[in-house]
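Peer 1: I have a structure here, written as structure tokens, and I will follow up with some questions on it.
The values are calculated or read from the model by the stated rules, or taken from the named source; none is laboratory data. Since this is a predicted model, take the numbers as computed values, not measurements. Methodologically, a virtual Cβ is constructed for each residue, glycine included, from the backbone with ideal geometry; neighbour enumeration extends over all protein chains shown. What goes into the accessible areas is simple: the full protein's heavy atoms, side chains included, and nothing from ligands, DNA or RNA. Shrake-Rupley method; radii C 1.70, N 1.55, O 1.52, S 1.80 Å.
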Amino acid sequence: MATFRINEGFSDTVDVEADHFMTVGMFVDFTKEGIGVVFRIAADRVRTIKRIEE
């Protein structure tokens with residue numbers, strides 16, 4: 001599992017813990033194995049996605 005930072009440096013920055021992410025239609029889904037989608041954001045709201053090294 002990893003932590004992904006969405007829109008770093010913008011007012012709508014969000015950290016999400018997930019195994020991976022993928023674009024699904026007009027959305028970006030962040031998923032965990034065995035659980036499914038843990039966070040969904042409209043693709044047009046995503047400026048950056050960065051994996052945070054811990």
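Peer 1: Tell me the trypsin sites (Lys or Arg not before Pro) within the chain that lie in a loop according to DSSP and have at most 12 other beta-carbon atoms within 10 Å.
Peer 2: R47
Peer 1: Using +1 at the C-beta of Lys and Arg and -1 at the C-beta of Asp and Glu, which of A43, M22, I6 has the Cα lying farthest in the positive direction of the dipole of the chain?
Peer 2: Highest projection toward the positive end goes to A43.
Peer 1: Just the number please: accessible area per residue for the chain, 1.4 Å probe, all protein chains included, in Å².
Peer 2: Per-residue value: 69 Å².
Peer 1: Let me ask something else. How large is ³J(HN,Hα), in whole Hz, for each residue of region 46-53 in order, when computed from phi with the Karplus curve 6.51 cos²θ - 1.76 cosθ + 1.60 and θ = phi - 60°, using x for Gly and Pro?
Peer 2: 8, 9, 9, 10, 10, 7, 8, 7
Peer 1: Full-extension gain between A2 and V38, please, as 0.36 nm times their residue separation minus the C-alpha to C-alpha distance.
Peer 2: Length gained, A2 through V38: 11.7 nm.
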